[in-house]
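The values are calculated or read from the model by the stated rules, or taken from the named source; none is laboratory data. Nothing here was measured: the structure is a model prediction, and the numbers come from that model. Glycine gets a Cβ as well: all are built from the backbone with ideal geometry, and neighbour counts include every protein chain shown.
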Amino acid sequence: MATQTLLITGGAGFIGSHVVRLFVKKYPDYQIVNLDKLTYAGNLENLTDVEDAPNYTFVRGDITDAAFLTELFGQYQFTGVIHLAAESHVDRSITHPLEFVMTNVVGTVNLLNAAKAAWAGQMEGKRFYHVSTDEVYGSLHNPEDFFLETTSYDPQSPYSASKASSDHFVRAYHNTYKLPMVISNCSNNYGPNQFPEKLLPLMIRNIINNKPLPVYGKGENVRDWLYVVDHARAIDIVYHKGQNGDTYNIGGFNEWRNIDIVHLLCKVMDEKLVRLPGESAQLITYVTDRAGHDLRYAIDANKIMHELGWEPSLQFEEGMNLTIDWYLANKDWLDGVTSGSYLSYYEQQYGQQA
Ligand code: NAD
Ligand code: TYD
């Protein structure tokens, strides 16, 4: 008999697959149900190493379908939810904002309603964990500022507005219906299995294929990068030890300007691909800036470090090496997820041959 029946949404995506793997392996006494719609970003190949585990079940479904969720919560007596399913790319949110409202806002409220109904009168021991982003806090302009858990929300893109809205609903359900919940807001993740629409895997893929490396604007925007396995470890800790109703910021204290990170990637990949020093950097192409491009994100992760004892396990150079090596060893995965009708944002804007 499982000690917990845990619903993980978005488990076939980038971060979700690392969370599913960690929980399936670390908690053999939990029954893990991975609910995923398998959009372009979801890929069951991310989970081949755990797909036959006795404590793991995959269910294909859509969180915007409230009736389906009611049925699912009836079938499994979930004791907890870790909610990662989302539309997650800022560029797509600029071209298709309503999809972000549907999945990120309506989908989250559907899940909250399903949990609230299933747990009515028996909230004790239950937990709804909403995985969110630092982008809800907006853009930093003073170099000394960091995002704290108390920083006011100021989302600037349709993506971050949809995530901010979902965070507000989760807190509102805690306040209004006493739904037990925790939220974490994490900085930019990188690592294996990230869809090559995001900065690092897109650049790695284009370096491998000798294609232009599209740097938005002047490349001076700053992001704080965290290895995805360290985010999954943080999610484990927050799920088990976080205070009911509380919020935890997660980040790597690891800020990079985009142009610097792209140069570092080029340098490391020149070595790995046995190219002349500087060869890959010649592919760098400055392109029109993203509309409303947030200048800087930086997380103050002191609360989770001091209250819950989490800290990043990897230095950035180590994480980058692991990541690049993974993509070089998994070119089939890269080709597979981008085959068919998929076109990157850059290709949509500047043509397929890019
Ligand atoms: P991702 O795009 O790689 O994966 C999202 C997953 O959700 C996919 O498997 C997709 O199939 C699934 N999904 C999408 N719509 C769905 C629907 N309607 N019903 C069911 N499943 C659906 O995203 P990711 O980068 O792994 O991000 C996961 C979560 O973490 C998101 O909530 C995101 O906002 C948050 N987050 C991401 C980052 C980051 O750097 N990637 C940082 C902080 C927080
Ligand atoms: P991204 O990975 O899309 O994450 P986010 O926008 O959520 O931070 O982008 C990271 C940074 O890299 C962001 O400042 C935009 C920039 N960027 C480029 O310069 N070129 C690209 O092709 C992409 C995808 C992003």
### Matching residues, the stretch 199-235, being surrounded by 20 or more Cβ atoms within 10 Å (Cβ to Cβ), hydrophobic (A, V, I, L, M, F, W, C), away from ligand 1 (no atom under 12 Å from the Cβ) and assigned to a helix (DSSP H, G or I)
LEU202, MET203, ILE204, ILE207, VAL229
### All positions within the stretch 119-142 that are in contact with a strand residue (DSSP E or B) (Cβ under 6 Å, 6 or more places away or on another chain) and either of a type in the set (Phe, Trp, Tyr) or free of Cβ contacts under 8 Å to residues at least 40 places away in the same chain (or both)
PHE128, TYR129, TYR137
## Note on the structure
Reported set for the stretch 233-249 where residues are closer than 22 Å to ARG21 by Cα and touching a Pro at 6+ places or on another chain (Cβ under 9 Å) is ARG233, ALA234
### Query
Which one is farthest from GLY292 (Cα to Cα) among residues in the stretch 125-155 that are at pLDDT 95 or above and of a type in the set (D, E, K, R)?
LYS126
### Query
Within the stretch 247-299, which residues are among the charged types (D, E, K, R), within 23 Å of ILE15 (Cβ to Cβ) and surrounded by fewer than 17 Cβ atoms within 10 Å (Cβ to Cβ)?
ARG290
#### Entry: ILE63 touching a residue at least 40 places away in the same chain (Cβ under 8 Å), under 24 Å from ASN110 (Cβ atoms) and not in a strand (DSSP E or B)
yes
#### Entry: Candidate set: the stretch 255-273, residues that are among the hydrophobic types (A, V, I, L, M, F, W, C) and assigned to a helix (DSSP H, G or I); chosen: the one nearest to ligand 1 (Cβ to nearest atom)
ILE261
### Task
Considering each of GLU149, GLU124 in turn, give the residue that is within 24 Å of ASP236 (Cβ to Cβ), surrounded by fewer than 19 Cβ atoms within 10 Å (Cβ to Cβ) and in contact with a Pro (Cβ under 9 Å, 6 or more places away or on another chain).
GLU124
### Task
Just need a number here: residues in the stretch 149-187 that are in contact (Cβ under 8 Å) with a residue 24 or more places away in the chain, touching a helix residue (DSSP H, G or I) at 6+ places or on another chain (Cβ under 8 Å) and within 26 Å of HIS306 (Cβ to Cβ).
13
### Task
Please state which one of LEU140, LEU84 is under 20 Å from TRP225 (Cβ atoms) and more than 15 Å from ligand 1 (Cβ to nearest atom).
LEU140
### Message
Condition first: within 7 Å of ligand 2 (Cβ to nearest atom) and of a type in the set (Asp, Glu). Now tell me which residues in the stretch 200-226 satisfy that.
### Response
none
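Per-residue answers, yes or no, for (1) away from ligand 2 (no atom under 16 Å from the Cβ); (2) touching a Gly at 6+ places or on another chain (Cβ under 7 Å); (3) of a type outside the set (Phe, Trp, Tyr):
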position	(1), (2), (3)
ASN46	yes, no, yes
PHE68	yes, yes, no
VAL105	yes, no, yes
LYS126	yes, yes, yes
VAL136	no, no, yes
### Query
Would you say ASP36 is acidic (Asp, Glu) and crowded, with 24+ Cβ neighbours inside 10 Å?
yes
